[in-house]
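A short worksheet on the structure shown next.
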Amino acid sequence: MKRLFAVIALALSAYIPVSFAADCPNLLDAQQRLLNSTESINLCEEFKGKTLLVVNTASQCGFTSQFAGLEELHQQFKQQGFSVVGFPSNDFKQDRGSEQNSAKVCYLDYGVTFPMMARSSVRGGDANPVFSEISKQSGVEPRWNFYKYLINREGEVVATFPSSTNPQAPSLINMIKQQL
């Protein structure tokens, strides 16, 4: 009898992780470290079933002031299952200094409360797995800082917006509302 329970337990333990992994969209199937922190989050646990605006950011860019508009969007729609998620990157040589400097710009200068991940690459072979999947789905790599990718509740890229698109642009807000 003990042997039967052991076999069942083993079979279930092999099955459960597979079903959980299959349940998580590829885009969210990642563990990410938070900006200027040792703490990591499981993106699937944190964001599964939510509409997301994923943005590659930089602390010293002409578009850095978009943090204010991104925070407004986050606050406006977070109660409806929406989140902005920032990914600082120095791919365009505009996120100079340390992660501590990037965190200061985000949290102190702009009052960002939405999740900011640790600095990583967002283009090419070294790209963060989230951006690799975004590029695969959308066919669009970030061409500059503050590229915006709207992700639906199923973890699929449904729209891309260039850096020049202001976070308060009606086209962006309307697309977010359609996904909520």
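With 18 Å as the limit, the listed pairs LYS78/LYS104; LYS50/LYS177; LYS78/LYS177 have LYS78/LYS104 beyond it between alpha carbons. GLY49 sits among other residues whose Cβ lies under 13 Å from its own Cβ, and their net charge, with Lys and Arg +1 and Asp and Glu -1, is -2.
Over the chain, dividing the summed -39,500 (n - 2.57) contributions of all DSSP H runs of at least 4 residues by the number of residues returns a 222 nm mean residue ellipticity of -10500 deg cm²/dmol.
Can you give me the relative contact order of region 26-179 as a percent, contacts being Cα pairs under 8 Å and 6 or more apart? If you can, show how the numbers build up before the last one.
Numbers: 291 pairs, mean separation 45.3, N = 154.
Over region 26-179, the number comes to 29 percent.
Between amide H atoms placed 1.01 Å from N, distances below 5 Å from MET116 occur with LEU35, GLY86, all of them 5 or more places distant or on a separate chain. In a DSSP loop and with at most 15 other Cβ atoms within 10 Å, the trypsin sites (Lys or Arg not before Pro) in region 90-138 are LYS93, ARG96.
Shown for region 13-112 is the translational diffusion coefficient from the Stokes-Einstein equation, using the Kirkwood radius over Cα pairs, a temperature of 4 °C and a viscosity of 1.567 mPa s: 86 µm²/s. Shown here: Cα extents along the principal axes in Å, derived from the displayed model; of the candidates (1) 54, 33, 28; (2) 68, 37, 30; (3) 53, 36, 24, it corresponds to (2). Working from label points 7 Å from Cα in the Cα-to-Cβ sense, the GLU154 to LYS104 distance is 4.5 nm.
For the chain, the share of DSSP beta bridges that are antiparallel, to the nearest 5, is 60%. Around LEU180, under 10 Å between beta carbons, what's the net of Lys plus Arg minus Asp minus Glu among the other residues? Local charge sum for LEU180: +3.
Comparing ILE134, ILE41, ILE151 in a Gaussian network model of the chain where C-alpha atoms under 10 Å apart are linked, the largest mean-square fluctuation is found at ILE41.
Among the protein heavy atoms, those of GLU141 account for about 70 Å² of accessible surface (1.4 Å probe, every chain in place).
Within the shell defined by Cβ-Cβ distances under 11 Å, the residues around ALA127 carry a net charge of -2, with Lys and Arg each +1 and Asp and Glu each -1.
Compute the length gained on full extension between ASN26 and ASN42: take 0.36 nm times their separation in residues and subtract their Cα-Cα distance, giving the result in nm to one decimal.
On the way: separation 16, 0.36 × 16 = 5.76 nm, distance 1.25 nm.
Gain in length upon complete extension: 4.5 nm.
The values are calculated or read from the model by the stated rules, or taken from the named source; none is laboratory data. Note that this is a predicted model, so its numbers are computed, not measured. In this analysis, Cβ positions are derived from the backbone assuming ideal geometry, glycine residues included, and neighbour counts consider all displayed protein chains. To get the accessible areas, we keep the full protein, side chains included, count just its heavy atoms, and leave off ligands, DNA and RNA. Shrake-Rupley method; radii C 1.70, N 1.55, O 1.52, S 1.80 Å.
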